[in-house]
Amino acid sequence: MVDAPPRTNRPGLLDGLDPEQRAAAVAPRGPVCVLAGAGTGKTRTITHRIAHLISSGHVAPGQVLAVTFTTRAAGEMRTRLRALGVEGAQALTFHAAARRQLRYFWPRVVGDRLWDLLEGKLRLVGQAAQRAGLGTDAELLRDLASEIEWAKASLISPDDYPATAVRVQRDSPAAPQQVAEVYRAYEKLKNSAQVLDFDDLLLHTTAVLEENAEVAREFRDRYRCFIVDEYQDVTPLQQRLLDAWLGGRDDLTVVGDANQTIYSFGGASPRPLLEFTRRFPEATVVRLERDYRSTPQVVELANKVIGAARNRPAGSRLRLVGQRPPGPEPRFAEFEDEPTEAAAVAARVRTLLDAGVAASEIAILYRINAQSEGYEQALAQVGVPYLVRGGERFFDRREVRQAMVSLRTAAADPPPTELVTAVRSVLSRVGLTDQPPAGGAAKERWDALLSLVEVAEELAATVEGADLPRYVAELEQRASAQHPPTVEGVTLASLHAAKGLEWDAVFLVGLSEGTMPILHADGDDNAIEEERRLFYVGVTRAREHLWLSWSLSRHPGGRRNRRRSRFLYGLLPEQHPAARVPRAQAGKSGPKPRCRLCDRPLLDTMEIKLGRCRRCPSNVDIELFERLKEWRQERAKELKVPPFVVFTDATLLAIAEQQPVDRGGLVSISGIGPGKVTKYGDDVLAVIQGER
Ligand code: ATP
Ligand code: MG
């Protein structure tokens, strides 16, 4: 019997999907899991699935709740849904969804208006730390605050903290008992001030749904279909909320990529994604390999970056296959100091703009927010507009809050003028001038106000008769969903904030040891792997142009004591001036081979073969090493030679550590020449890929 084709009331809706994506989109309501690499169309698949379920009458828009992790990604999802003609389905972050629900149910359950949200917990953590005798060192307070966040996201109470911290070998910022004390005092202070922190939104919503049958019934009647994007980054707390939403039902679609897990430090884990089918054995599971986002050049680099990852969980090894036409090779650039690097990036941005790339299609991504400043200055100097993401949230900005107050007041007694004029006139009172100020913070404030005018223009153009009250309602809705208006400009964002997004041109800057990977990850294998995944997320944001740069010193004329990131090992083209020849092949007179992990000179042939010194941890994949040995055994038998003639143990070990993804990678391992590659290359690559 042939299955009937999927029924959709919107012919052509699913045309833009490949067969695997389509299978996930049209799967009947119930558990669906898409496990796939970056740029393979996971987000596209779920937005189409939502559109399909709605247009075929399987679910009403208001019954759909789609969640993700960053406000920007949620905004992206809404934009894509709107483009597919979906109105009324919710796409929010976990926090925004919980906040809305709590606001709705709180008066009924607690009998009061919802407590205010605590803006930053440092002040209260400071008071709590002082009580615990821990002082007020700013860095310690920040670490304590993140530790409390980790504990709450991991569903660990103050009482349970000490034992758990010991069990999971947590690198606690103070003695576990003291951390617990601070955590307890913080909770107390917060409750007596009647404020909630971000995690409380999730905790309380979960509790309300778990403990109040009537509320749970009403909620579950309203929401029936749940979709989670970026599921690899779910925390135990978010999972608990998700389970409370589901209430035993199974109408859940999850998509994710374990290789993009970048929030483990905050308690997230890819396990629920990887074990989804264990929980729902009847789930429709789809794997995607075609990368539609990036050129083959970018995809190749991405494969190399993630191919070097260690301790990857089963099921997360994959090789992306680029679908786009070829583009330029990724560029690598080394600079004397940071201002020179920033100036070069700004100049290159200018060139791209002149060549017709839109400013909104360019992003400069860095590891920590403090890096943005140098780039802001450099861009301002060459007159390129930019916007900083992931810094202060748009609707929390002072001038935006002021503007909202004025707009609300004006809307109570709307003037008889046309909307855009009315908005401009209100905003002129809070600092919107006709001409933009020269630059810096004033220009940024001006841009923010101008983008409010643009929202008015958009509304006037799309909604007939839109007036000031309607406009204010639109802004409030955006504010509660944290959906900031787009400002035309080059994006400056941290790698964390860039998740799920894409640009034509991406600059990954500051790729030096201590920044990428971040200093405090050093010496902790798991933390280093998380940094590597973060780097992978960065690389896979680029559609076409990818630039990777670092500098040798911080200030002009400073000590050139920085080294480029270990993650760049094996990525630089050989002819690149900064590419160091890492191996013995360099010959006695050439540069000394160095450890690919710590950059120390290598001492003997074993070290040279492994490409690392003995002091650095081995990242050998033992299981792969065993498989390689098995293969060597078979091959040696066939050829009637001793196994070491095929490859020595040291060479196999080097292969199992470095896991080259192509012939080029194989040849670069010492002990593997072109002859061996011809004889065994395909076999070995197949073993590495798990195909043998
Ligand atoms: P990430 O892991 O980074 O979140 P993703 O898997 O969610 O990536 P998408 O953002 O959905 O990937 O898709 C990447 C790009 O490829 C988007 O521009 C999308 O429109 C495009 N794309 C996806 N599938 C197809 C397809 N079948 N045909 C053409 N373009 C596609
Ligand atoms: Mg996505």
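The values are calculated or read from the model by the stated rules, or taken from the named source; none is laboratory data. Since the structure is predicted, the reported quantities are computational estimates derived from the model, not experimental observations. Virtual Cβ from ideal backbone geometry, glycine too; neighbours counted across all protein chains shown. Note: accessible area is taken over every heavy atom of the protein model, side chains too, but ligands, DNA and RNA are not part of it. Shrake-Rupley method; radii C 1.70, N 1.55, O 1.52, S 1.80 Å.
Looking at the structure I just gave you, is ALA98 open to solvent by less than 10 Å² (accessible area, probe 1.4 Å) and of a type outside the set (Asp, Glu)? Taking the combined requirement at face value, the residue satisfies it.
Just name the residue that is most open to solvent (accessible area, probe 1.4 Å) out of those in segment 11-25 that are within 17 Å of GLY256 (Cα to Cα) and touching a Pro at 6+ places or on another chain (Cβ under 9 Å). It comes out as ARG22.
Selection of segment 511-528 for residues being closer than 29 Å to MET77 by Cβ and open to solvent by less than 10 Å² (accessible area, probe 1.4 Å) yields only MET516.
So, ARG445, is that one modelled with pLDDT under 90, open to solvent by 20 Å² or more (accessible area, probe 1.4 Å) and either part of a helix (DSSP H, G or I) or over 23 Å from LEU495 (Cα atoms) (or both) or not? When the stated conditions are applied, ARG445 passes them. Would segment 361-381 turn up any residue that is β-branched (Val, Ile, Thr), under 15 Å from VAL345 (Cβ atoms) and buried (at least 19 other Cβ atoms within 10 Å of the Cβ)? Yes, that holds for at least one residue. Across segment 231-253, the qualifying residues are those that are out of contact with any Asp or Glu (no Cβ under 8 Å at 6 or more places or on another chain) and within 16 Å of ligand 1 (Cβ to nearest atom), and the one among them that is farthest from ALA73 (Cα to Cα) is THR253. For GLY247, the criteria (1) at positive phi; (2) open to solvent by less than 20 Å² (accessible area, probe 1.4 Å) hold in every case but one, which is (2). Note on segment 1-95: enclosed strands (runs of 3 or more DSSP E) holding 1 or more residues that are away from ligand 1 (no atom under 15 Å from the Cβ) and out of contact with any Asp or Glu (no Cβ under 7 Å at 6 or more places or on another chain) are 64-68, 90-93.
Annotation for segment 383-399: no member residue is open to solvent by 40 Å² or more (accessible area, probe 1.4 Å), in contact with a Lys or Arg (Cβ under 7 Å, 6 or more places away or on another chain) and in a loop (DSSP other than H, G, I, E, B). Number of residues in segment 60-97 that are in contact with a Phe, Trp or Tyr (Cβ under 9 Å, 6 or more places away or on another chain) and small (Gly, Ala, Ser): the value is 3. Scanning segment 274-292 for residues that are buried (at least 23 other Cβ atoms within 10 Å of the Cβ) and modelled with pLDDT of 95 or more yields a single hit, ASP291. Residues in segment 293-326 that are part of a helix (DSSP H, G or I) and surrounded by fewer than 18 Cβ atoms within 10 Å (Cβ to Cβ): PRO296 only. Every listed requirement among (1) surrounded by 21 or more Cβ atoms within 10 Å (Cβ to Cβ); (2) within 29 Å of GLN90 (Cβ to Cβ); (3) without any contact (Cβ under 8 Å) to a residue 40 or more places away in the chain; (4) not β-branched (Val, Ile, Thr) is met by LEU427 save one, (2). When segment 26-75 is limited to residues that are open to solvent by 30 Å² or more (accessible area, probe 1.4 Å) and of a type in the set (A, V, I, L, M, F, W, C), the one that is farthest from ligand 2 (Cβ to nearest atom) turns out to be ALA60. Only one of the listed residues (ASP233, ASP229) is within 16 Å of ligand 2 (Cβ to nearest atom) and over 15 Å from ILE46 (Cβ atoms). That residue is ASP233. Within segment 202-222, the set of residues being within 16 Å of VAL64 (Cα to Cα) and either buried (at least 19 other Cβ atoms within 10 Å of the Cβ) or within 16 Å of ligand 1 (Cβ to nearest atom) (or both) comprises PHE219 only. Scanning segment 144-197 for residues that are part of a loop (DSSP other than H, G, I, E, B), aliphatic (A, V, I, L, M) and under 30 Å from the mean Cα position of the chain (by Cα) turns up LEU155, ILE156, VAL168, ALA174. For segment 538-555, the tally of residues that are within 16 Å of ligand 2 (Cβ to nearest atom) and touching an Asp or Glu at 6+ places or on another chain (Cβ under 9 Å) stands at 4. Restricting the search to segment 509-540, which residues are of a type in the set (Ser, Thr, Tyr) and either closer than 23 Å to GLY39 by Cα or touching a Cys at 6+ places or on another chain (Cβ under 6 Å) (or both)? Passing the criteria: TYR536, THR540. The set of residues in segment 281-307 that are within 21 Å of ILE46 (Cβ to Cβ) and out of contact with any Cys (no Cβ under 8 Å at 6 or more places or on another chain) comprises GLU282, ARG287, LEU288, GLU289, ARG290, ASP291, TYR292, ARG293, SER294. The set of residues in segment 189-210 being β-branched (Val, Ile, Thr) and closer than 19 Å to ARG108 by Cβ consists of THR205, THR206, VAL208. Out of LEU501, LEU432, LEU508, one residue alone is over 16 Å from the mean Cα position of the chain (by Cα), surrounded by 16 or more Cβ atoms within 10 Å (Cβ to Cβ) and outside the structural domain of LYS42 (by TED's automatic domain parsing). It is LEU432.
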